[in-house]
Structure formats: structure tokens, C-alpha cells
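See structure below.
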Amino acid sequence: MATLSARTVGVMGSGSAEHEDYAGPVGEALAELGVNLLTGGGGGVMTAVSRAFTARRDRRGICIGIIPCASETDRMTPRAGYPNQFIELAIYTHLPYSGRLGMHDLSRNHINVLSCAAIVALPGEEGTATEVSLAQQYGKPVVAYASVSAIRHFPQSVRRVESVAELKQFLRPYLDDGA
């Protein structure tokens with residue numbers, strides 16, 4: 001029996017910069033593969049990849065966002081700016097931490113990683129680096145797609161790809177039907 005996570009690919013990246021040159025093609029590629037897209041549901045790369053993914057009308061998957069709460073003292077309210085307008089299934093959490101606190105138990109990064117068959121890391125900062133580290137810790141396949149300078153702070157053990165074709169080739173074995 002296939003699970004939702006077996007057809008879900010997480011895309012992690014900057015919460016402020018869109019990096020459209022990477023995020024757009026990744027969103028389109030994931031739509032072509034027929035998978036679900038999971039992001040942190042906010043701005044930057046999360047918005048750009050979600051926009052490209054949802055623009056494909058022939059896709060089979062949905063766009064999922066794991067939404068942080070506003071703060072430790074306000075766990076009922078989503079963080080300002082979340083979810084972005086392209087999220088089709090928002091999963092609201094009581095988890096406020098991200099960025100440099102992305103490894104903390106109160107970070108949604110754990111859910112982001114554990115809910116996916118594989119992770120694609122795009123340019124990002126501390127939060128993205130923690131998601132990459134968590135993917136390795138949890139034994140999830142992870143691949144970086146960006147210029148070397150944009151991902152210099154990711155662990156060297158993370159595979160890097162330079163094209164969408166290589167990205168798709170990396171992902172296919174981890175999807176439940178080898179799409």
C-alpha cells in the first residue's frame with residue numbers, strides 16, 4: 001500500500017529569496033513526475049517552487065505546506081506570511097522554530113523531512129542546512145540543486161546535481177512506483 005509520503009518530495013530552501021532559476025524548474029519537474037510537493041509553506045524558494053508546481057494543470061500531486069506557529073507563546077496563530085498563496089494543503093503546527101533553531105524539537109523541520117520520500121535542497125541559509133542535516137540523520141535521500149557557492153554550507157556528503165534531468169534521475173528510485 002502506497003503512503004502519501006512515498007509520493008511526496010520535499011523542497012527546502014531560502015525563506016526570503018526565490019531563486020527562481022532553480023525553484024521554477026524543480027517545481028515543474030516534480031509536477032511532471034506526478035508527486036506531491038512539500039515545503040515549509042512560506043516565502044522565497046517555498047513560494048517559487050510552489051508557484052511553478054501548481055501552474056502545471058496536468059499534474060497529479062498536491063502542494064503541501066507545513067506551517068509554523070507565530071511564537072512559543074502564540075501557538076494557535078500561524079507565523080505571519082504563512083501559508084503562501086500556492087499551498088493547497090496547509091498543515092498547521094504548534095512548532096515555532098526554524099533557521100538556526102531548525103534542529104530543535106520545536107522546529108517543523110523534523111516534520112518536513114520525515115514526511116517525504118526524498119529531499120531536494122535549493123539555495124538557502126541556516127534553516128535549509130539544518131533540514132539537509134536532518135535528512136541525513138533520518139536516512140532520507142537528499143540532493144542539492146544549486147550553484148556550488150549557494151550550497152557551500154551543506155555537508156560535503158550531500159550529492160549535488162547540475163541539471164533537472166540529473167535531479168529526476170536521482171529522485172525516481174525513491175518514489176513508490178519509480179515514476
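The values are calculated or read from the model by the stated rules, or taken from the named source; none is laboratory data. Fair warning: this is a prediction, and the values are worked out from it, not measured in the lab. So basically every Cβ, Gly included, is an ideal-geometry build from the backbone, and we count neighbours across all protein chains shown. For accessibility, only protein heavy atoms count, side chains too; no ligands or nucleic acids. Shrake-Rupley method; radii C 1.70, N 1.55, O 1.52, S 1.80 Å.
Where does the charge balance sit around ILE62 when Lys and Arg score +1, Asp and Glu -1, over other residues with C-beta under 11 Å from its C-beta? Combined, the nearby Lys, Arg, Asp and Glu give +2.
With 0.36 nm allotted per residue and the present C-alpha distance subtracted, the ARG172-ILE111 stretch has 19.8 nm of extension available. Gain on full extension, evaluated as 0.36 nm per residue between ARG60 and VAL148 minus their Cα-Cα distance, stands at 28.5 nm.
When only alpha carbons are used to place a centre, segment 7-71 and segment 79-124 end up 12 Å from one another.
Packing around the peptides 76-84, 6-14, 36-44, 144-152, taken as the average count of other Cβ atoms within 10 Å per residue, puts them in this order, highest first: 36-44, 6-14, 144-152, 76-84. Our helix-only sum for the chain, with -39,500 (n - 2.57) per DSSP H run of n ≥ 4 divided by its residues, gives a mean residue ellipticity at 222 nm of -8500 deg cm²/dmol.
The simple spin-label model puts a point 7 Å past each Cα toward its Cβ; for GLU126 and ILE91 those points are separated by 2.5 nm.
Give the carbon-plus-sulfur fraction of the accessible surface of segment 1-146 in %, rounded to a whole number; probe 1.4 Å, heavy atoms of protein chains only. Present the calculation step by step, with values, prior to reporting the outcome.
Working: 3110 of 5900 Å².
On segment 1-146, the fraction of accessible area on carbon and sulfur atoms equals 53 percent.
For the Cα trace of segment 1-47, dividing Rg by the Kirkwood Rh returns an Rg/Rh value of 1.02. Report note on the peptides 102-110, 154-162: ranked by the mean count of other C-beta atoms within 10 Å, highest first, their order is 102-110, 154-162. Computed from the Cα positions only, the extents of segment 1-92 along the three principal axes stand at 41, 36, 19 Å, in decreasing order. Among the listed values [x] 0.92; [y] 0.97; [z] 1.12, the one computed from these coordinates for Cα Rg over 2.2 N^0.38 Å is [x].
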